[in-house]
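Only the coordinates and a few stated rules stand behind these numbers; no lab work does. Worth saying up front: this structure is predicted, and the values here are computed from it rather than measured. Cβ placement follows ideal geometry from the backbone for every residue including glycine, while neighbour counts extend to all protein chains displayed.
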Amino acid sequence: MSITVLSRVGQLSNQEVVVRVKLLVQREREATAALVAHLAVLDERQLYLAEGCSSMFTYCAQVLHLSEYAAYSRIEAARAARRYPIILDLIGDGSVNVTTVGLLAPELTPENHVDLLEAARHKSKRQVQELVAQLRPQPSVPSSVRRLPTTSLASEDLGNLGPSNLPPLLPTQSPAAALSPPAEVPVPARKPIIAPLAPQRYRVQFTANAETHAKLLRAQELLRSQIPDGDVGEIIDRALTVLLSNLAKQKFAATDRSGGTDHPRSSRGTVPRSRHIPAEVKRTVWKRDGGQCAFVASDGRRCTERAFLEFHHVVPHSVGGEPKVENIQLRCHAHNGFEAEVFFGRRKDGPEAWKTTYG
């Protein structure tokens, strides 16, 4: 069946695919709202008990086979919707989603729920977290640097293990092997944490290797006269300021005009048929486009990507386009390749092949 459906969709025109995707997304939102409403009643009546489940979560996960996250988020939305039915309408029209409702649920009251839900309309998860941080500010996290523990079981800890907390046996282990200290296992990489605590304040957490740790300690020592408490956040801020300045010079030939010593050198001009983009053109284009991909869709929506940006020739260099301000725009890597395909047609050897001919 899936092959048949995919085959049928593959026969649609580009415009038909876009129209149908939008229609299906709206249907999915309406279906989600209907599901949340039914779950609200099922939960209120505790119908899951008759289905052999001890909780609503167990019913959603084991009977409905929802993922743990999907089950949790929909249950949270259902319970919030029981208190404030307007949530169902907002989910149905796409104003909010179940994740947004889950984040806001603890903060909703009869007095503020309308205004708060309106403020969260079409907001991203990060933006909603910032909204919650404004309502319930968290204290600042004290700066700290600590060594991460390994996942190995230290031999000196074995004497503290009782019958109830012995390490679980692996399928091929004997009881004696279980009491032997296992080989040290590398700690898996942890995703850096950036979470809003309150307006204009964030908790940032990451893992540093020994070399980075040593650099940080050295920076604390050298900055004691300026940062007596050695605050890591202040040191990182200063380091990032210098890093961003250097990256700006590398990426789009930025200069520090205010210092009086780093004025841009006069342009050597553009060599006819040259692919080289003068530094002055890069500076002007970057400032004009705001350091953001300048691709605009047919409905007027501009790409919001600010990473992997490239200088794009509106009229490709290979057909005579010159590296002048009016012919250069910022594009993210994806849109740069996309416009190559639009202009030249899709190549069988993939978008990477355009790099040698398309700028």
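Below is a table of values for the structure above.
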{"read-out": "Compactness of the stretch 279-356 as Cα Rg over 2.2 N^0.38 Å, two decimals", "value": "1.08"}
{"read-out": "Rounded, prolate or oblate (a/c below 1.5 giving rounded, otherwise prolate when a/b exceeds b/c) for the stretch 102-142 by Cα gyration tensor", "value": "oblate"}
{"read-out": "Computed lengthening from residue 288 to residue 248, 0.36 nm per intervening residue step minus Cα-Cα distance", "value": "12.9 nm"}
{"read-out": "Entries of 22/287; 215/282; 123/287 with Cα pairs more than 29 Å apart", "value": "22/287; 215/282"}
{"read-out": "Candidates per trypsin sites (Lys or Arg not before Pro) in the stretch 30-121, loop by DSSP, up to 15 other Cβ within 10 Å", "value": "45, 121"}
{"read-out": "Sorted by Cβ density within 10 Å, fewest first, the residues 75, 86", "value": "86, 75"}
{"read-out": "Net charge, residue 43 excluded, C-beta distance under 13 Å - Lys, Arg +1, Asp, Glu -1", "value": "+2"}
{"read-out": "Isotropic mean projected area of the C-alpha convex hull, the stretch 59-138 (nm²)", "value": "5.5 nm²"}
{"read-out": "FRET E, pair residue 234, residue 138, Förster distance 22 Å, beta-carbon r, rounded to 0.05", "value": "0.65"}
{"read-out": "Global form of the stretch 206-252, assessed from the alpha-carbon gyration tensor, a/c cut-off 1.5", "value": "oblate"}
{"read-out": "The stretch 14-67 pair-distance distribution - Cα-Cα, 5 Å bins, rounded %", "value": "5, 18, 19, 18, 11, 9, 9, 6, 4, 2"}
{"read-out": "Cα-projected label distance for residue 63 with residue 224, points at 7 Å along beta-carbon direction, nm", "value": "6.6 nm"}
{"read-out": "For the stretch 2-121: rounded, prolate or oblate by the Cα gyration tensor [a/c cutoff 1.5]", "value": "oblate"}
